[in-house]
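A short worksheet on the structure shown next.
The values are calculated or read from the model by the stated rules, or taken from the named source; none is laboratory data. Just so we're clear, the structure is a prediction, and the values are computed from it rather than from any experiment. Glycine also receives a Cβ, built like all others from the backbone with ideal geometry; neighbour counts cover every protein chain displayed. Note: accessible area is taken over every heavy atom of the protein model, side chains too, but ligands, DNA and RNA are not part of it. Shrake-Rupley method; radii C 1.70, N 1.55, O 1.52, S 1.80 Å.
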Amino acid sequence: MTLKERLIAKKAELKGLETKINDGDEEAIKSGTKLTAEIDDLEKQVKEADAALAKIAAIGTHEEPAAEPSENPAKSLGENFIKKMKKPAKGEHFNIAVSGFKAAADPMTVPAGVVGAITTYDTNIVTAARKELNVRALFNSETVSGNTLTYFIEGAMEGAFAKTAEGAAKPQIHFADPTPKTVSLEKIAAFIKESDEYINDAPFLASAINGRLLYQLSLQEQVNLVSALLATSGIQADTADLTSAVAIADAVRKAKKNIKKATGFDADSILINPDLKYILDIGKDSNGQYYGGGYFGNPADQRVWGLNVVESDDVTGVVIGAFKTCGSVVTNGDGQSVDATNTDADDFTKNMMTIRAEERLVLAVRRPAGFVNLTQKA
């Protein structure tokens, strides 16, 4: 029975009590009062039901559009830039900036669903052989809120832990002659020009940013870090016959000892020119056996006196150091940033787009004696 049918039935039942109610029948009056309340409630429900049905009729039979699936997270700065470019802020066309992005996974992966539309442009990327970008990882990483940093250059550690009697004064440990040094974070930047036709080819543009622009930025940062380290006043210096594998190995072991003696810290890595690493790899003893295990081993996995080995042609000799404890790469927290515009110079009239990459950073060497620069003996 529908709501309206129940209402009609209750009204008919009340109508049937009319005579008895007029005669003053007490039971009929009670039943009439109860039926009146039920009728009022049913009338309210019928009214609400009619309003709901009217709304349904106005909506029609069209289904509400399904919610858009959440986008896959960007996996690289270049890919994140593409996402920003596809949904620019109101009033912005290509004036887009993306910074401080942390990749989730493979930096060269482009999100699903991004389809390139260019067929008349050559989007092949031809690059020269790539250098390893592993120098920055040797150092500790720090961030500051501004663009300047004041840190203390620390000398040798003085004092040591010792047994102390109950109630006796405890020995003090400190670093000699801490000297404050204020440095400004250096901005490293460059830009490239691309045809704005390429904006429709998101995979190419993402790979151009990741594979060319950001790589070149990181490459220059690596050069600057090595240069800054070698120019630091107070780092230790030594020489050896760098044409001999044994001489190189002996000098590295000596440097490891001197770093421990001067700072109290253990060296963790060596930065070595590839030509000198080659000399180490092919070094043989008097029986003609390779010191490093020979060509059946993996030279990249071999350590020298327990130290991590990183090859870089940014050094001409060998740098031995307690990189993690004695030096830090300091940034302002924004990380590498990518900006683009089509309003630079005559970009708009030439259908070009300018893409710029930059980062602010500086190398802080707090304990210069934690590094030894090993060069060729005269």
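Please give every one of the aspartates and glutamates within straight-line cross-link reach of Lys15, meaning a C-alpha to C-alpha distance under 19 Å, and leave out same-chain neighbours fewer than 8 residues apart.
Straight-distance partners of Lys15: Glu5, Asp23, Asp25, Glu26, Glu27, Glu38, Asp40, Asp41, Glu43.
Could you list the chymotrypsin sites (Phe, Trp or Tyr not before Pro) in the range 156-240 that lie in coil according to DSSP, counting only those with at most 10 other Cβ atoms within 10 Å of their Cβ?
Here the chymotrypsin sites (Phe, Trp or Tyr not before Pro) that fit, given the DSSP loop and packing criteria, are Phe161.
Quote the convex hull volume per residue of the range 227-317, based on C-alpha atoms, as a whole number of Å³.
In the range 227-317, the Cα convex hull volume per residue is 101 Å³.
Counting only heavy atoms of protein chains, what accessible area per residue, in Å², does the range 220-341 have with a probe of 1.4 Å?
On a per-residue basis, the range 220-341 sits at 47 Å².
Long-range amide H contacts for Ser269: which residues qualify at under 5 Å (H placed 1.01 Å from N, peptide plane, sequence gap of 5 or more or a different chain)?
For Ser269, whose amide H was placed from the backbone, the distant partners under 5 Å are Asn308, Gly321, Phe323.
So if R0 is 30 Å, what FRET efficiency would Leu133 and Gln172 give, r being the distance between their Cβ atoms, rounded to the nearest 0.05?
0.10
So, by mean Cβ neighbours within 10 angstrom, what's the order for 43-52, 348-357 with the highest one leading?
The most tightly packed comes first, giving 348-357, 43-52.
Using θ = phi - 60° and the Karplus form 6.51 cos²θ - 1.76 cosθ + 1.60, what ³J(HN,Hα) does each residue of the range 248-262 get, whole Hz, x for Gly and Pro?
4, 4, 4, 5, 5, 5, 5, 5, 4, 5, 5, 5, 4, 5, 7
Scan around Lys75 for amide H atoms under 5 Å from its own, H built in the peptide plane at 1.01 Å from N, and keep only partners 5 or more places away or cross-chain.
Hits under the 5 Å cutoff: Asn80, Ala104.
Please compare each pair in Lys10/Lys44; Lys10/Lys47; Lys10/Lys30; Lys187/Lys350 to a cut-off of 22 Å on the Cα-Cα distance and tell me which ones are over it.
Over 22 Å apart, Cα to Cα: Lys187/Lys350.
Go through the range 135-146 residue by residue and turn each phi into a ³J(HN,Hα) via Karplus (6.51, -1.76, 1.60, θ = phi - 60°); whole Hz please, and just put x for glycine and proline.
6, 4, 5, 5, 8, 6, 10, 9, 10, 10, 7, x
Taking amide H atoms as placed 1.01 Å from N in the peptide plane, list the residues 5 or more away in sequence, or in a different chain, whose amide H sits under 5 Å from that of Glu358.
Distant-sequence amide H within range of Glu358: Ser337.
With θ set to phi - 60° and the Karplus curve 6.51 cos²θ - 1.76 cosθ + 1.60, what are the ³J(HN,Hα) couplings of the range 17-33 in order, to the nearest whole Hz, using x for Gly and Pro?
8, 4, 5, 5, 5, 5, 7, x, 5, 4, 5, 5, 5, 4, 5, x, 5
Looking at the range 134-278 from every direction and averaging, what is the projected area of its Cα convex hull in nm²?
Over every viewing direction, the Cα hull of the range 134-278 projects on average to 15.2 nm².
Would you mind checking Lys254/Lys377; Lys170/Lys260; Lys163/Lys324 for any pair whose Cα atoms are more than 20 angstrom apart?
In this structure, Lys170/Lys260; Lys163/Lys324 lie more than 20 Å apart at Cα.
Find how much the distance from Ala165 to Gln216 grows on full extension, using 0.36 nm per residue of separation minus their present alpha carbon separation; answer in nm with one decimal.
Taking Ala165 through Gln216 to full extension adds about 12.4 nm, to one decimal.
When the chain is fully extended, how far beyond the present Cα-Cα distance does Glu186 get from Asp241, taking 0.36 nm per residue of separation?
Answer, rounded to one decimal: 16.2 nm.
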